[in-house]
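A short write-up of the structure that comes next.
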Amino acid sequence: MDPRVTTLNDRPVRAGAKYVLYWMQMNRRARSNHALEHAAAQANRLGLPLLVYEGLTYRYPYASDRLHAFLLEGVPETVRRLRARGIGYVFYLRRRESDPGDVLYRISGDAAMVVADDYPVFVAARHNANVPGRIGVRYDVVESTCVVPAALFDKKEYGAYTLRPKLRRVLPEWMRPVERVPVEHPWTGPVPAFHTEVTESNARGLAAECDIDHSVKPSICFTGGAIQAEARLRAFLESDLKRYERDRNEPAAHATSNLSPWLHFGHISALEVALAARLHASENGLPGEGFLEELIVRRELAYNHARLAADPASLDSLPQWARATLDKQRAVSREFLYTPEEFETARTHDALWNACQTELLLRGKIHGYYRMYWGKKIIEWSASPEEALETMVRLNDRYALDGRDPNGYTNILWCFGLHDRPWQERPVFGMVRTMTLGGMKRKTGVDAYLREIAWLAVQ
Ligand SMILES: Cc1cc2nc3c(=O)[nH]c(=O)nc-3n(C[C@H](O)[C@H](O)[C@H](O)COP(=O)(O)OP(=O)(O)OC[C@H]3O[C@@H](n4cnc5c(N)ncnc54)[C@H](O)[C@@H]3O)c2cc1C
């Protein structure tokens with residue numbers, strides 16, 4: 001039994017079908033993708049070709065030019081790589097309400113079985129809960145987002161300290177490249193009528209045609225796709241890994257990988273990044289452990305929370321001590337209070353916080369260290385923990401390229417005490433850890449960051 005694979009219904013494999021269908025929802029890549037290889041193996045077993053279906057609809061929450069453009073930019077390279085392997089491909093862009101909404105069901109009518117991505121949150125989680133019961137064929141989901149299959153850990157972890165030793169024990173078994181399965185029956189079928197041809201030059205134009213939020217513009221610095229992701233990884237390994245341990249908490253030093261947008265959209269796999277980082281570190285005598293701790297332990301802790309919490313983005317999922325201590329502070333008066341709109345438009349009294357929010361608005365990502373400060377201050381300046389949570393989730397999901405992700409919901413709850421321990425009691429936070437502007441000034445180059453963001457804002 002492969003712990004990455006789960007069959008979500010009891011429907012049969014269709015006899016006389018034309019292909020096996022892989023519904024590429026989260027692992028939007030042709031390399032290092034366990035789901036694609038599982039689908040290829042099933043197609044070979046059944047003597048059929050493999051067809052990959054990728055869809056994008058106008059109607060998912062927060063759909064905007066920014067998110068649509070990033071996703072669409074990844075399509076041309078995925079197509080090239082799949083076609084080179086003899087795998088069929090169809091992309092359907094549902095631009096507006098009047099466009100057909102049942103394309104998956106139509107295309108699965110000729111499929112022997114459907115393979116999809118296993119993913120614990122947002123739209124893919126909802127699809128995997130609803131579609132298997134409504135589709136006439138076997139529906140397998142395959143987890144290819146974590147280095148170690150998340151299903152191996154069926155207990156909700158208290159923190160990195162409980163997950164780390166478990167991961168260490170099994171990591172050697174899972175830190176292996178994904179084996180590529182050569183397809184035995186190359187795709188020769190026609191391109192279905194509802195296919196949308198996506199190219200590097202029309203990706204942003206296609207986004208502009210959709211009934212989505214056009215006020216959230218594409219990121220000023222991140223472009224989607226495997227080629228961009230792989231180039232970023234190479235640049236990180238060559239110039240930044242050596243200084244990662246020292247400078248990763250210094251935002252103005254730009255020492256982190258910035259890979260999270262591509263990891264979120266599945267344009268690159270965490271496994272591929274981890275293997276490349278480990279190899280580069282060992283060949284060059286560099287410390288790679290700090291980076292692998294974030295990429296594997298912290299990230300897979302987030303997936304553990306997202307998979308096993310009843311609602312991964314709810315304050316009900318906090319440990320009991322955190323809920324109790326925050327409750328005790330409800331009546332405490334807040335020195336500053338801002339509306340969701342003031343937060344969104346970066347209009348607080350704090351220049352550092354405003355710069356973080358401006359970075360989110362423009363780049364679609366805040367440096368990880370200041371992201372903690374950003375979250376903590378939203379708690380401090382909101383009327384209640386519930387209001388703070390709503391603001392954080394909304395801003396992160398709407399503007400962050402890497403939002404709508406287990407890492408987002410888990411780290412937002414970290415700001416409220418998840419996976420942390422009680423600290424000295426303070427107003428508003430109770431025993432939940434606080435972060436202060438004074439601390440940021442002591443530990444990081446706030447002025448250099450403010451100058452950088454001010455420059456960005458006038459470009
Ligand atoms: C309030 C808040 C919201 C966040 N929202 C998101 C989000 O929506 N999506 C997201 O991917 N991350 C989120 N993070 C976690 C973290 O800030 C980002 O993963 C990191 O900043 C991404 O930048 P990077 O790729 O340069 O990271 P690097 O330092 O280069 O790390 C490499 C990879 O490790 C993983 N990683 C790093 N830090 C963490 C962490 N603390 N927890 C889990 N995985 C981690 C990411 O996949 C990251 O790309 C959030 C953190 C906070 C405090």
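The values are calculated or read from the model by the stated rules, or taken from the named source; none is laboratory data. Worth saying up front: this structure is predicted, and the values here are computed from it rather than measured. Here the Cβ is made from the backbone with ideal geometry for all residues, glycine too, and neighbour counts use every protein chain on show. With ligands, DNA and RNA removed, areas are computed over all heavy atoms of the protein, side chains included. Shrake-Rupley method; radii C 1.70, N 1.55, O 1.52, S 1.80 Å.
Structure notes:
- Single residue of T434, T444 found to be touching a strand residue (DSSP E or B) at 6+ places or on another chain (Cβ under 7 Å) and assigned by TED's automatic domain parsing to the domain that holds A324: T434
- Single match in I227, I220 (criterion: in a helix (DSSP H, G or I), open to solvent by 60 Å² or more (accessible area, probe 1.4 Å), in contact with a helix residue (DSSP H, G or I) (Cβ under 9 Å, 6 or more places away or on another chain) and within 19 Å of F70 (Cβ to Cβ)): I227
- Candidate set from the range 356-371 (those that are within 10 Å of the ligand (Cβ to nearest atom) and surrounded by fewer than 20 Cβ atoms within 10 Å (Cβ to Cβ)); member that is farthest from the chain's Cα centre (by Cα): Y369
- As for the range 382-397, it holds at least one residue that is closer than 22 Å to Y449 by Cβ, outside any strand (DSSP E or B), open to solvent by less than 10 Å² (accessible area, probe 1.4 Å) and near the ligand (Cβ under 8 Å from one of its atoms).
- Residue identified as under 19 Å from R426 (Cβ atoms), of a type in the set (A, V, I, L, M, F, W, C), assigned to a helix (DSSP H, G or I) and more than 10 Å from the ligand (Cβ to nearest atom) among W353, W374: W353
- Exactly one residue among R11, R45, R31 is under 23 Å from the mean Cα position of the chain (by Cα), surrounded by fewer than 23 Cβ atoms within 10 Å (Cβ to Cβ) and among the charged types (D, E, K, R), and that residue is R31.
- Taking the range 303-351 as the range and being out of contact with any strand residue (DSSP E or B) (no Cβ under 7 Å at 6 or more places or on another chain), among the hydroxyl-bearing types (S, T, Y) and either loosely packed, with under 15 Cβ neighbours inside 10 Å or over 25 Å from D405 (Cα atoms) (or both) as the test, the residues that pass are S314, S333, Y338, T339, T345, T348.
- Among the conditions (1) within 11 Å of the ligand (Cβ to nearest atom); (2) assigned to a loop (DSSP other than H, G, I, E, B), G417 misses just one, which is (1).
- Cβ separations smaller than 7 Å between residues 6+ apart or across chains give the following pairs from the range 370-383 residues that are over 17 Å from A331 (Cα atoms) to residues that are among the acidic types (D, E): K377/D350.
- Among residues of the range 120-149, those that are among the small types (G, A, S), modelled with pLDDT of 95 or more and either part of a loop (DSSP other than H, G, I, E, B) or in contact with a Lys or Arg (Cβ under 9 Å, 6 or more places away or on another chain) (or both), counted: 2
- Residue check for N407: near the ligand (Cβ under 8 Å from one of its atoms), in contact (Cβ under 8 Å) with a residue 24 or more places away in the chain, under 22 Å from F70 (Cα atoms) and open to solvent by 40 Å² or more (accessible area, probe 1.4 Å): yes
- Where G136 falls short, out of the listed (1) closer than 26 Å to D405 by Cα; (2) surrounded by fewer than 16 Cβ atoms within 10 Å (Cβ to Cβ): (1)
- For the range 138-180, taking the residues that are touching a residue at least 24 places away in the same chain (Cβ under 8 Å) and hydroxyl-bearing (S, T, Y), the one that is nearest to E289 (Cα to Cα) is identified as T145.
- Any chance Y92 is in contact with a Gly (Cβ under 6 Å, 6 or more places away or on another chain) and not basic (K, R): yes
- Only a single criterion out of (1) under 20 Å from P312 (Cβ atoms); (2) surrounded by 19 or more Cβ atoms within 10 Å (Cβ to Cβ); (3) of a type outside the set (K, R) is not satisfied by F429, namely (1).
- Look at (1) farther than 26 Å from Q329 by Cα; (2) surrounded by 19 or more Cβ atoms within 10 Å (Cβ to Cβ) and you find that L456 fails only one, number (2).
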